[in-house]
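See below for the structure under consideration.
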Amino acid sequence: MAQELAGWRHIYSGKVRDLYEPVTGEDDRVLVVASDRISAYDFVLSSEIPDKGRVLTQLSLWWFEQLAGIPNHVLSTDVPAEVEGRAMICQRLDMYPVECIARGYLTGSGLLEYNESRTVCELPLPEGLVDGSRLREPLFTPSAKAEVGEHDENITYDAVVMMLGDDLAAKLRSLTLDIYSRAESIALDRGIILADTKVEFGMSRSGEVTLGDEVLTPDSSRFWDAALYSPGKSQPSFDKQFVRDWLTSDDAGWDRVSEPPALPAEVIAKTRARYIEAYERLTGRTFV
């Protein structure tokens, strides 16, 4: 249940974030609060990961700074004390119904499609690639947003053109690949591989295409340790892999249909540490 915040009215809860608007309703600001909730296999778990919301918010803010020149939705971090460190005041955007994904490495759903057809989102790829292969150049592989609890569906670039038009589709592709290229270089300098990332855009009230939501966090990106990188197998990642692994283990006894069981304390602690490690290695700052 979302907490009450003086001066703000709760309007929406997603898997991880809660949105609030001013009680006056007189402006275009929205308060975005990142909770400690964690989701896996399209379920929001009953267990939370302490400090996860702070990590996601602080890391997003750091990345927004690194991506200077790309308009983003952040207006202020002067938020109510109860959510300090895990919230941002942002401008409202009319969000586009497309998940903008850039892939520099072959893994995940892209690998599944490649193994069937030697394509990713119908883009042809060469023979001989394996799990974790670095692609010759990053790919824009969009997906259509699904309802909460449903899987996003990979779509082609032509489908984006049909939805949004030539000019806007080209703009979203260009911005997504620019963000990936810049972030990949920054991360690699810190010993971390950015395998892929998802970003979202919307239109501001002034008509400008604007980067929204979170950006380049372990929830929206695959980060791998460059020192451990070894193509041909699944790579350890800086995200909720401990959670996924435990849920699919015999110890959990979960059927992947009913509500998932509560996480053991050890899994919670390891997942928290992994998120914090990603933050500290990328930013060079100590998480407080």
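Laboratory data are not the source of any read-out in this text; all were calculated from the coordinates shown. Small disclaimer: the values here were computed from a predicted structure and weren't measured. Note that each Cβ is placed from the backbone with ideal geometry, even for glycine, and that neighbours are counted across all protein chains shown.
Between residue 209 and residue 178, the simple label model (points 7 Å from Cα in the Cβ direction) yields a spacing of 0.8 nm.
Note on residue 94 and residue 66: with the Förster distance fixed at 30 Å, the Cβ-Cβ geometry gives a FRET efficiency of about 0.70. Lysine pairs in the chain whose alpha-carbon atoms fall under 20 angstrom of each other, counting only those eight or more residues apart or on distinct chains, come to 12.
For residue 152, the residues 5 or more places off, or on other chains, whose built amide H falls under 5 Å of its own are 146. Of the peptides 133-142, 255-264, the ranking by mean beta-carbon count within 10 Å, highest at the top, reads 133-142, 255-264.
Using only side-chain charges placed at the Cβ, +1 for Lys and Arg and -1 for Asp and Glu, the dipole size of the stretch 94-228 relative to its Cα centre rounds to 440 debye. Extending 7 Å from the Cα toward the beta-carbon at both residue 42 and residue 233 defines two label points whose distance is 3.1 nm.
Placing +1 on the Cβ of each Lys and Arg and -1 on the Cβ of each Asp and Glu in the stretch 184-266, which of 217, 258, 185 has its Cα farthest towards the positive end of the resulting dipole? So the residue we want is 185.
Convex hull volume of the Cα atoms in the chain, per residue, in Å³? Taking the convex hull of the Cα positions in the chain, it is 144 Å³ per residue. Under a model in which nothing but the beta-carbon of Lys, Arg (+1) and Asp, Glu (-1) is charged, the stretch 199-241 shows a dipole of about 180 debye around its Cα centre. Gain on full extension, evaluated as 0.36 nm per residue between residue 164 and residue 251 minus their Cα-Cα distance, stands at 26.7 nm.
For residue 171 and residue 10, what is the calculated FRET efficiency with R₀ set at 35 Å and r taken between the beta-carbons, to the nearest 0.05? With a Förster radius of 35 Å, E is 0.60. Find, among the GluC sites (Glu not before Pro) in the stretch 57-142, those assigned to loop by DSSP (not H, G, I, E, B) with at most 12 other beta-carbon atoms within 10 angstrom. When the GluC sites (Glu not before Pro) of the stretch 57-142 are filtered for loop state and at most 12 Cβ neighbours within 10 Å, 84, 127 remain. Label positions at residue 84 and residue 281, each projected 7 Å from the Cα along the C-beta direction, are separated by 3.1 nm.
Helix-only estimate, please: 222 nm mean residue ellipticity of the chain, summing -39500 (n - 2.57) across DSSP H runs of length 4 or more and dividing by its residues, to the nearest 500.
-9500 deg cm²/dmol
The slack between residue 115 and residue 259, meaning 0.36 nm per residue of separation minus the straight C-alpha distance, is 48.7 nm. When only the Cβ of Lys, Arg, Asp and Glu is charged (+1, +1, -1, -1), the dipole of the stretch 107-169 relative to its Cα centre reaches about 280 debye.
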